[in-house]
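What follows is a short report on a single structure.
The values are calculated or read from the model by the stated rules, or taken from the named source; none is laboratory data. Keep in mind that this is a model prediction, so the values were computed, not measured. Reconstructed Cβ throughout: ideal geometry from the backbone, glycine too, with neighbour counts over all protein chains shown. Ligands, DNA and RNA are excluded from the accessible area calculation, which covers all protein heavy atoms including side chains. Shrake-Rupley method; radii C 1.70, N 1.55, O 1.52, S 1.80 Å.
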Amino acid sequence: MSFDPFDIRNALPIINEDSEFFPLMSSEDEEEMNNEQMPEVLSILPLRNTVLFPGVVIPITVGRDKSIKLIRDANRNKKMIGVVAQQDVAVEDPSFSQLNKVGTMALIIKVLQMPDGNTTVILQGKKRFMLREEVQSEPYIKAIVEPFHEIKPKEDKEFKAMVSSIKDMAMSIIQLSPNIPSEAGIAIRNIESISFLINFISSNMNADMAAKQRMLEVANLRDRAKLVLEHLTLDLQMLELKNQIQSKVRVDLDKQQRDYFLNQQLKTIQEELGGNTPDLEIENLRQRASTKKWAKDVNDHFNKELEKLVRTNPAAADYSVQINYLELLLDLPWNEFTKDNFDLKRAQKILDNDHFGLEKVKQRIIEYLAVLKLKHNMKAPILCLVGPPGVGKTSLGKSIAKALGRKYVRMALGGIRDEAEIRGHRKTYIGAMPGRIVQAIKKAGAANPVFILDEIDKVGNDFRGDPSSALLEVLDPEQNSTFYDHYVEVDFDLSNVMFIATANSLSTIQPALLDRMEIIDVNGYTIEEKIEIAKQHLVPKQREAHGLKPKDVVMKNDVIEKLIEDYTRESGVRSLEKKIGSVVRGVAKNIAMGEPHNPAVTKKELEKILGAPIFDKDIYENNNVAGVVTGLAWTQVGGDILFIEVSLSPGKGRLTLTGNLGDVMKESTSIALAYLRAHAKDFNIDPRVFDQWDVHVHVPAGATPKDGPSAGVTMLTALTSAFTQRKVKSHLAMTGEITLRGRVLPVGGIKEKILAAKRANIKEIILSRSNRKDILEIKEEYIKDLQFHYVTDMREVINLALMNEKVDNPLDFTIKDELKPVMN
């Protein structure tokens, strides 16, 4: 039983001029229908795939024997039946329980015998009812029913607007849908009754049977109107979308045909003018590809992508994207290498001329060259130069490339947060590009450059990915032979690239990344080294940069030393170069203005050009005050000395820490005080004084954050000096971590600390015995005036650091008699 009630052309031929009904209902017809009495018992006709609404006329094809008998019996009598939609359309012979509870009383208008033998009955819905009780199941269902009254809403402005919207939307659907005849619009415009309008549209809209049944079961007309409006809105949107798609497809086809003819004309014009046609571009790509030394898989991939380009319309946006991709593949140096220079003496000379010191790094490069000379297929090492700013880590890469005879490329990693910066973007994205690794290799034009990964410790990460994790593949000799860039889409061999990473600190580098690199410490320079660097490199460089000749400006050792000590505070030489540049500019100004000047810059002229000294030299002060000990510290710009000050005052044994100390440094103080309490008798200290005196530990320069375990021995020495009131040996400094057992552990940054001690006029230094190896790595000429004491226990530190002589005006630690003795 399938019929489209909206198809008026199918329904109207059934209606004769003699018929006593009309397809549309007037207000008088509706009033008459509402006044019509409903029988208490109705014969029930189950409908399989439609829902009948009051006032609506529909033809039904009857096929079931029960239904045919019901129609014939009713047609002979009062012609009134009950029409109810069945819940499951798959049930052939539904029982009373398988019917919906709300149906429509219908009038049999006509019964027709069709030529194919089927029976068609034309029904008009009258009133809705609710099934109450089954009274007969054979030969067809009869049931007790009760009216299901409609609730008429107040016809306010909102309701009228809603009805008007329903009518307008229905008209729009009729206009947009090619399958609905224009007669349907005429029918809707001529409906006067609001209730019948909603029923008519509900019956004919494109909704499933369950949705129509829900509409039938809504008693309130306003609520039913809202439900109908929702369904009509969805139908209208779907129709508009379909029409848009059809229109777009039609327009696209027209545009493609137009573009084809225009491209043919353009091709002809380009041939006449002698320009590059798409065919010529493709041929050029083929010729370039024939000269490449790439592997078979890369060649196959290139040919596949080239065939894709051939099939692409030259006017399409993808055409230029594909051209750029193929040109990148051709520009990459597949198996193209520069020849290494294996003259080791020449390489050593270049490294020595360009950089003073840095013996470890130079030795490692020469070792690599030596092995490569003997074994030509050795994988390149991945070095990581770690040290403070300005010591020449980055510029060392240029010297290495020069010594090896290789191309040099540099990639700054500072601030990179996107993983695509390393691996590239996939071609599907607009504006996609290869990663910076591939771009740098393309720029180098060789597959074995010296590649500097600058500031690898400053790589960031965020929601776009972790670049340091992407670098794991790049810096792994076992994996980087098949480096995969998302844009290139084929593996590229990076195993011949000599990667040199630079960093200021290892603490921020991912452990897995750190494990893949060979760490080489590039420590700060001593004053003697800085003087040599200034004489050999910085002064000549600044003279040349400012257009002066060697005879125009001369800086002697004592002037350079003053410049280093009074105007710079760094491990490297970057600030020193700037200050030398300022001095050279001052001399250049005098020469340019014709003023008299002395080519040999003096200390007095230095102050005249640069102003008063910026930094006060960290000089050891004195040992007249108990509880003040000199410690050694490491900073980002090199070593420094710091003073630990301990002050005691009568109180209840409270400990106060000031000086912007970090958690580790605070813990070192607590450990030192706990050790001193536990071994008070060993140092001739009355244990009771710890409960009678408050301890205040201060580290000057409170604006500077300080942390680390290396001040442990200094803290304990200062506390012991304060509680014993013994003097600290003059010109002595120390560094080392302590434990609760009094063990002295090794610490880092020894070279920088030793250089700081020497600058501060320190004569003796106490270190952990395990740090002896660090001292052996420093040139003997730089530490010849220093005496080192290597210790393993705090008792050795106290014996070395504290004198038996008391300070002037020592504190009185006498314990009053009335105080209770401390319990053991």
Under 5 Å between amide H atoms, partner at least 5 residues away or on a different chain: which partners does residue 485 have, H built in plane at 1.01 Å?
490, 492
If you line up the long axis of helix 194-204 against the longest principal axis of the chain, both from Cα atoms, how many degrees apart are they, to the nearest 10?
80
Taking a straight Cα-to-Cα line shorter than 26 Å from residue 142, and setting aside same-chain lysines fewer than 8 residues away, one finds 66, 69, 78, 79, 101, 110, 126, 127, 212
In whole percent, how big is the carbon plus sulfur part of the accessible area of the chain, probe 1.4 Å, protein atoms only?
50
Relative contact order for the chain: what is it in percent, counting Cα pairs under 8 Å that are at least 6 residues apart?
7
Probe 1.4 Å, heavy atoms of protein chains only: per residue, the accessible area of segment 24-105 in Å² is 47
So how strong a dipole does segment 314-416 carry about its Cα centre when Lys and Arg Cβ are +1 and Asp and Glu Cβ are -1, to the nearest 20 debye?
640
Can you tell me the order of 394-400, 35-41, 626-632 when each peptide is scored by its average per-residue count of other Cβ atoms within 10 angstrom, highest first?
626-632, 394-400, 35-41
Restricting to the chain, compute how many DSSP beta bridges are antiparallel as a %, nearest 5.
55
Hey, what's segment 289-440 come to in accessible area per residue, 1.4 Å probe, Å²?
50
Averaged per residue, what accessible surface does segment 670-796 expose to a 1.4 Å probe, in Å²?
41
Could you sort 376, 789 by their accessible area in this structure, using a 1.4 Å probe and putting the largest first?
376, 789
Exposure of residue 340 as accessible area (Å², to 10), given a probe of 1.4 Å and all protein chains:
30
Return the calculated 222 nm mean residue ellipticity for the chain, to the nearest 500 deg cm²/dmol, obtained by summing -39500 (n - 2.57) across DSSP H runs with n ≥ 4 and dividing by the residue count.
-13000 deg cm²/dmol
Cleavage-rule hits (GluC sites (Glu not before Pro)) in segment 513-621: DSSP loop, at most 14 neighbouring Cβ within 10 angstrom:
621
Between residue 159 and residue 288, the two model label points (7 Å from Cα along the beta-carbon direction) sit apart by a distance in nm of 7.7
Going by alpha carbons, how many degrees (0 to 90, nearest 10) lie between the helix axis of 750-759 and the longest principal axis of the chain?
50
Accessible surface of residue 352 in the full protein assembly, 1.4 angstrom probe, to the nearest 10 Å²?
60
Any trypsin sites (Lys or Arg not before Pro) in segment 30-85 that lie in a DSSP loop and have at most 13 other Cβ atoms within 10 Å would be 78
Shape call for segment 468-552, from the Cα gyration tensor axes a ≥ b ≥ c (a/c under 1.5 means rounded, otherwise prolate when a/b beats b/c, else oblate), comes out prolate
Note on segment 684-824, DSSP bridge orientation, antiparallel percent to nearest 5 equals 40
Checking the a/c ratio against 1.5 first, then a/b against b/c, what shape does the Cα gyration tensor give for segment 635-749?
prolate
Highest average packing first - 156-166, 691-701, Cβ atoms within 10 Å
691-701, 156-166
Shape of the chain from its Cα gyration tensor (a ≥ b ≥ c, root eigenvalues): rounded if a/c is under 1.5, otherwise prolate when a/b > b/c, or oblate?
prolate
Could you tell me the accessible area of residue 144 in Å² (1.4 Å probe, neighbours in place), rounded to the nearest ten?
50
Can you flag which of 375/530; 530/666; 293/379 are past 26 Å Cα-Cα?
375/530; 530/666
